[in-house]
Amino acid sequence: MDRKALKIAVVGAGRMGGALHRALTRSGFSSGLSSRPKSAQAVAATHKALSEAAVVFLCVPDAQIEAIARQYAEAFHEGQIVAHCAGALDLSVLAGAASPGVSLGSMHPLCAIASPETSFVGVHAAIAGDESARARLRELARAIGMTPFEIGEGERARYHAAAALAANGLMALAAQASALFAECGVEPRQALAALLPLMRSSIVALDQKGLPGALTGPIARGDSQVVERHLKALARPGDETARATYRDLSRTLLDLSRQLGAATPESLRVIGELIHANGEGVSP
């Protein structure tokens, strides 16, 4: 693959589009970045750029992809690949770009893109599309440092829900834990500063030991007395959300602890009964 000769157009100059354009450019590709044009002159310029590209990435917000694909339908041509970077959407949103000979696909970098400076090195990417699109997108993903894997069309939303749990769910847990620290008298900024090293150490352990090997804590070791103290401490008015979260996550922790095998079956049975007694949703 001649990277300089392969023209790539990225539509959408937000965090995703900016980061993708930067990664492609740094990897030696001829990549052009276009924000969503607002004037007739800008629309014409974008149309020209798209018509000259071998690969087009639509990195606009999810709700705009379908309209953008229709808007520039005349720019797309045989032998070209048109792809979106939305995690939860299937290829139907690209129907407007489906001219004869155009390959449709999707490449979703599985990372939190905080800014256009975000690196994709070491990141996995969910790939979908027809055979031609998948082959090219896998190639591009590897070229910018990502590991591609494929997600079927019918599983996109489920896949993205899992990704949101892993990333955004972590933010929600940090917010809940920080709020509990604040109730203990710790200033909010200090609470987050104190929790972050703990969360990082858990991620490092997860990376090194996987599941269930990285699991620690009272459920993993079968300490029912500590779990009981936790549940009592989370019984104050206003703690309903945190208590429900603790209860729900404990279901998975119990399953992981059984796999880990560090605690006795009897101790885990007692913990299951404690959690079940403090609310529905977790069975012993």
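FYI, it's all coordinate maths here, none of it is from the lab. Small disclaimer: the values here were computed from a predicted structure and weren't measured. Virtual Cβ from ideal backbone geometry, glycine too; neighbours counted across all protein chains shown.
If a/c stays under 1.5 just call it rounded; otherwise compare a/b with b/c (prolate if a/b is bigger, oblate if not). Do that for the range 158-277, with a ≥ b ≥ c from the square roots of the Cα gyration tensor eigenvalues. Oblate, since a/c reaches 1.5 and b/c is not below a/b.
A Gaussian network model of the chain, with springs between Cα atoms under 10 Å, assigns the largest mean-square fluctuation among Arg269, Arg158, Arg70 to Arg269.
Roughly how many debye, to the nearest 20, is the charge dipole of the range 158-277 about its Cα centre, given +1 on each Lys and Arg Cβ, -1 on each Asp and Glu Cβ, and no other charges?
Using only the charged Cβ atoms, the result is roughly 160 debye.
Fully extending the segment from Arg221 to His276, taken as 0.36 nm per residue of separation minus the present Cα-Cα distance, adds 17.9 nm.
For the chain, the longest principal axis of the C-alpha atoms and the axis of helix 224-233 are separated by about 80°. Here the peptides 214-227, 19-32 are ranked by packing, the mean other Cβ count within 10 Å, and the order with the highest first is 19-32, 214-227.
Helix 15-26 and the longest principal axis of the C-alpha atoms of the chain enclose an angle of approximately 60°. Taking 22 Å as R0, compute the FRET efficiency from the Cβ-Cβ separation of Ala193 and Asp255 and round it to 0.05. Calculated value: 0.10.
What's the longest bit of the chain with no exposed GluC sites (Glu not before Pro), using DSSP loop states and at most 14 other Cβ atoms within 10 Å as the test?
Values: sites that count: Glu78, Glu117, Glu280.
Here the longest segment lacking exposed loop sites spans 118-279.
Eigen-decomposition of the gyration tensor built on the alpha-carbon atoms of the chain gives equivalent ellipsoid semi-axes of 46, 20, 17 angstrom, largest listed first. Helix 265-277 and the long axis of the chain differ in direction by around 80°, with both axes built from C-alpha atoms. Please name which of Pro100, Gln64, Gln208 has its Cα lying farthest along the dipole of the chain towards the positive end, using unit charges on Cβ (Lys, Arg +1; Asp, Glu -1) and the Cα centre as origin. My answer, from the dipole projection, is Gln208. Along the charge dipole of the range 158-277, which of Gly272, Gln190, Ala262 sits closest to the positive end, that is, farthest toward it, with unit charges on the beta carbon of Lys, Arg, Asp and Glu (+1, +1, -1, -1)? Toward the positive end, the furthest listed residue is Ala262.
Rounded to the nearest 5, the antiparallel percentage of DSSP beta bridges internal to the chain is 20%.
Give the residues of the range 98-141 whose amide nitrogen is closer than 16 Å to a point set 7 Å from the Cα of Thr25 in the direction of its Cβ. Flagged as within label range: 115-120. Applying 1/(1 + (r/R0)^6) with r as the Cβ-Cβ distance of Asp62 and Asp248 and R0 = 35 angstrom yields a FRET efficiency of 0.80. Working note: 222 nm ellipticity from helices only, DSSP H runs with n ≥ 4, each -39,500 (n - 2.57), summed and divided by the residues of the chain, gives -17500 deg cm²/dmol to the nearest 500.
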